[in-house]
Amino acid sequence: MPKAILFDLDGTLIDNSMDTFLPAYFGALTKKLAHLVAPDKLITQLQSSTRAAVMNGDGSRTIAEAFAADFFPKLGVARETLMPLFDDFYATEYPRLRSLIQPMPAARAVIERALNRGFKVVIATMPVFPRTAIRQRMEWGGIDDLPYALVTDYETMHASKPRSAYYREIATMIDCVPGDCVMVGNEIENDIAPAKKIGMQTFWVTREVQTPAPADWRGSLSDVARLLEKF
């Protein structure tokens with residue numbers, strides 16, 4: 001009997017294509033900081049430092065700390081100069097990206113079903129954004145106001161997808177063992193494979209029916225809701 005249901009966010013609970021969202025995000029952020037850093041340099045370093053933080057194996061540092069340690073020295077602009085601008089960006093410019101995010105029709109209902117059944121519910125999103133950015137996307141998807149056991153973000157987590165250590169950390173934080181958890185997500189590499197590797201059960205949100213399923217279950221969010229009734 002599972003005790004916790006972990007949900008990926010983008011592409012699973014909210015309709016958000018990162019192929020569309022990230023260029024708009026980078027465009028808005030580079031415009032905000034253009035007087036201090038050339039756009040190409042900023043994007044290149046953001047991507048490089050994010051990769052470094054994601055692959056960081058130092059469990060003593062959060063993703064935010066690992067990112068900052070790599071990003072600011074290499075960018076050559078002081079943290080004290082940039083952070084107020086980043087904070088203002090997420091408060092003023094970032095909300096303008098709302099039109100790129102649409103709710104998933106079944107998302108809120110399946111989360112409420114899990115909560116009503118007594119499961120701990122985790123938003124297990126890629127923790128490479130600050131808390132405010134993730135919470136805003138949840139708000140745009142109409143799922144921000146529910147009593148989650150945990151929402152992963154880069155201020156909180158010490159590991160990130162696609163590392164299995166990310167899922168192990170979540171289980172520890174919600175006082176579960178991996179076998180107590182079901183991970184629900186739409187990406188094999190980030191959501192299904194690393195969670196399954198440490199013993200979590202997995203549900204692949206997909207329309208794919210032909211290929212062998214790498215997860216314990218697969219289907220739509222409505223199928224997740226039906227599965228919860230069987231536990």
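The values are calculated or read from the model by the stated rules, or taken from the named source; none is laboratory data. Since the model is a prediction, treat every value here as computed from it, not as a measurement. Heads up, the Cβs are rebuilt from the backbone with ideal geometry, glycines too, and the neighbour counts pull from every protein chain shown. Just so you know, the surface numbers come from the protein's heavy atoms only, side chains and all, with ligands and any DNA or RNA stripped out. Shrake-Rupley method; radii C 1.70, N 1.55, O 1.52, S 1.80 Å.
Yes/no matrix, rows are residues, columns are (1) within 16 Å of the chain's Cα centre (by Cα); (2) farther than 22 Å from residue 190 by Cβ:
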{"site": "21", "(1), (2)": "yes, no"}
{"site": "32", "(1), (2)": "no, yes"}
{"site": "37", "(1), (2)": "no, yes"}
{"site": "49", "(1), (2)": "no, no"}
{"site": "59", "(1), (2)": "no, no"}
{"site": "66", "(1), (2)": "no, no"}
{"site": "72", "(1), (2)": "no, yes"}
{"site": "107", "(1), (2)": "yes, no"}
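Looking at segment 7-31, I want the residues that are without any contact (Cβ under 8 Å) to a residue 24 or more places away in the chain and have a partner that is β-branched (Val, Ile, Thr) with Cβ atoms under 6 Å, at least 6 apart or on another chain. Which pairs are those?
Note: pairs meeting the criteria are 26/43.
In the set 169, 208, 139, 155, which member is open to solvent by 60 Å² or more (accessible area, probe 1.4 Å), in a helix (DSSP H, G or I) and either more than 27 Å from residue 65 (Cβ to Cβ) or at pLDDT 95 or above (or both)?
The conditions single out 139.
State whether one or more residues within segment 116-135 are part of a helix (DSSP H, G or I) and more than 17 Å from the chain's Cα centre (by Cα).
Yes: one or more hits.
Provide a single number: the residues in segment 59-93 that are assigned to a loop (DSSP other than H, G, I, E, B) and in contact (Cβ under 8 Å) with a residue 12 or more places away in the chain.
Number satisfying all stated conditions: 5.
For residues in segment 195-205 being free of Cβ contacts under 8 Å to residues at least 40 places away in the same chain and farther than 9 Å from residue 182 by Cβ, which is surrounded by the most Cβ atoms within 10 Å (Cβ to Cβ)? Let's see the steps before the verdict.
Of segment 195-205, the ones free of Cβ contacts under 8 Å to residues at least 40 places away in the same chain are 196-199, 202-204.
If we keep only those that are farther than 9 Å from residue 182 by Cβ as well, we get 196-199, 204.
Working: 196: 20, 197: 15, 198: 17, 199: 15, 204: 22.
Applying the filter and picking the extreme gives 204.
Within segment 172-194, track down each residue that is in contact (Cβ under 8 Å) with a residue 24 or more places away in the chain, in a loop (DSSP other than H, G, I, E, B) and more than 16 Å from the chain's Cα centre (by Cα).
174, 176
From the list 58, 15, 40, 10, exactly one residue is open to solvent by 50 Å² or more (accessible area, probe 1.4 Å), of a type in the set (Asp, Glu) and within 24 Å of residue 148 (Cβ to Cβ). Which is it?
Matching residue, one of 58, 15, 40, 10: 15.
Can you tell me which of 168, 207 is of a type outside the set (A, V, I, L, M, F, W, C) and under 16 Å from residue 104 (Cβ atoms)? So that I can check it myself, show each step before the final result.
On the way: 168 fails: under 16 Å from residue 104 (Cβ atoms).
Just one listed residue meets the conditions, 207.
Just to be sure, is residue 224 at pLDDT 95 or above, open to solvent by less than 50 Å² (accessible area, probe 1.4 Å) and in a strand (DSSP E or B)?
Answer is no for this residue.
May I ask you to list the residues in segment 55-91 that are in contact with a Pro (Cβ under 8 Å, 6 or more places away or on another chain) and more than 15 Å from residue 29 (Cα to Cα)?
Across segment 55-91, the qualifying residues are 63, 64.
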